[in-house]
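The structure appears below as structure tokens.
The values are calculated or read from the model by the stated rules, or taken from the named source; none is laboratory data. For clarity, every value in this text was computed on a predicted model and none was experimentally measured. Here the Cβ positions follow ideal geometry from the backbone for every residue, glycine too, while neighbour counts run over all protein chains shown. These accessible areas exclude ligands, DNA and RNA; they are computed on the full protein's heavy atoms, side chains included. Shrake-Rupley method; radii C 1.70, N 1.55, O 1.52, S 1.80 Å.
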Amino acid sequence: MRKKIVAGNWKMNMELAEGLKFAESIDTYFKAKPSKAEVILCTPFIHLPGVSQVVSKGKVMCGGQNCASEPAGAFTGEVSAAMIKSTGAQFVIIGHSERRSYYHEDDAILNKKTKLAISTGLKVIFCCGEVRQERESGSHLNVVRKQLEDGLFNLSPDEFSKVVIAYEPVWAIGTGLTATPEQAQEMHKYIRDLVKVRYGKDAAENLTILYGGSCKPSNAAEIFSKPDVDGGLIGGASLKKEDFCAIVEAI
Ligand code: PGA
């Protein structure tokens, strides 16, 4: 049985004390009311050591939102995958559309980051998704196929088993527009079929595929009810405890 996951992507929000307090409150909530989904808090780097201390392992986990493409050395301002792992974090998001567009991260660099992160023992939440024009022109399936082929599909089967894929249509991120449950299901099934061809039936069945893009308590249950949607990657709504907990419970 594949895992259900709801991951919060805090992006560049919350200062240190506020973030630690927030993580602790999420942890307390799920200690009292265990969820069916794994809950992951993807925080800014500075929060990771503290968050991994305040959450009870196994119930709530934490992860980074990016990592360097090189393992170590003279790369001013960068944070390596091994450093993230050394904080107690278990996950890292790679290829978020904000990294792709604002920081010009292409498939080759994302592939390098993914392999490096997995080699340090992190699991990778690999994001893919089309922009609005691509959806409107009908090329969305091809765009996502290319992102997966170039970013992921040279991984060994063992490496691939450490990957969670997040489908995030860029036109739905932070915009209030959400993919319909049918649009999400179509893409998730397409992704699972591609994985089946590349890595086989078991790998495809075991793969967790998250939906992201304006997911909120009012639409989560319907989206999560689709057979190939295994949870969500939540941005804005992950910063509000009631909303985030309600989305986790929608699983
Ligand atoms: P959103 O962001 O939920 O605010 O749309 C999702 C994401 O960027 O991961």
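Annotation: extensible slack from Asp193 through Ser156 equals 11.6 nm (criterion: 0.36 nm per residue apart, minus Cα-Cα distance). Spin-label pair Gln53-Ser119: with each label point 7 Å from Cα along the Cα-Cβ axis, the two points sit 3.1 nm from one another. Here the stretch 61-101 and the stretch 1-46 have alpha carbon centers that stand 18 Å from each other. Measuring between alpha carbons in the structure, the pairs from Lys123/Lys241; Lys33/Lys59; Lys3/Lys36 lying more than 21 angstrom apart are Lys123/Lys241. The phi torsions of the stretch 236-251, fed into the Karplus equation with coefficients 6.51, -1.76 and 1.60 and a -60° offset, translate into couplings of x, 6, 7, 8, 10, 4, 4, 5, 5, 5, 5, 5, 4, 6, 5, 5 Hz, rounded to whole numbers, with Gly and Pro shown as x. Charge dipole (Cα centre; +1 on Lys/Arg Cβ, -1 on Asp/Glu Cβ; no other charges) of the chain amounts to roughly 580 debye. Once both labels are positioned 7 Å from their Cα atoms along Cα-to-Cβ, the gap between Ala32 and Arg145 label points is 5.0 nm. Averaged per residue, the stretch 25-93 has 44 square angstrom of accessible surface, using a 1.4 angstrom probe with ligands and nucleic acids left out. A simple packing score, the average count of other Cβ atoms within 10 Å per residue, orders the peptides 32-39, 95-102 as 95-102, 32-39, with the highest score first. With 0.36 nm allotted per residue and the present C-alpha distance subtracted, the Lys241-Asn13 stretch has 80.7 nm of extension available.
If you wrap the tightest convex hull around every Cα atom of the stretch 156-251 and split its volume per residue, you get 94 Å³.
Shown here: the stretch 7-104, whose C-alpha atoms stretch 44, 25, 24 Å along the first, second and third principal axes, sorted largest to smallest.
Seen from Gln147, the other residues with C-beta closer than 13 Å to its C-beta sum to a net charge of -4, counting Lys and Arg as +1 and Asp and Glu as -1.
The relative contact order of the chain comes to 21 percent, based on Cα pairs under 8 Å that sit 6 or more residues apart. Inter-part distance, the stretch 214-231 to the stretch 143-210, computed on C-alpha centroids, equals 15 Å.
Sorted on the mean count of surrounding Cβ atoms within 10 Å across their residues, most packed first, peptides 198-205, 104-111 read 104-111, 198-205. Based on C-alpha pairs under 8 angstrom that are at least 6 apart in sequence, the stretch 1-47 has a relative contact order of 68 percent. For the stretch 1-84, the carbon plus sulfur part of the accessible surface works out to 60%, probe radius 1.4 Å.
With a Förster radius of 22 Å applied to the beta-carbon distance between Ala72 and Asp106, the computed FRET efficiency rounds to 0.50.
When peptides 131-144, 41-54 are sorted by average Cβ neighbour count within 10 Å, with the highest value leading, the order is 41-54, 131-144. Here each label is just a point 7 Å from Cα along the line to Cβ, and for Thr180 and Lys201 those points are 3.2 nm apart. Under 5 Å between amide hydrogens, built in the peptide plane, is the criterion, and for Val164 it picks out Val124, Ile125, Phe126 among residues at least 5 positions away or on other chains.
Per-residue ellipticity at 222 nm computed for the chain from its helices equals -13000 deg cm²/dmol, with DSSP H segments shorter than 4 residues left out and the rest contributing -39,500 (n - 2.57). For the chain, the square roots a ≥ b ≥ c of the C-alpha gyration tensor eigenvalues yield an a/c under 1.5, which makes the shape rounded.
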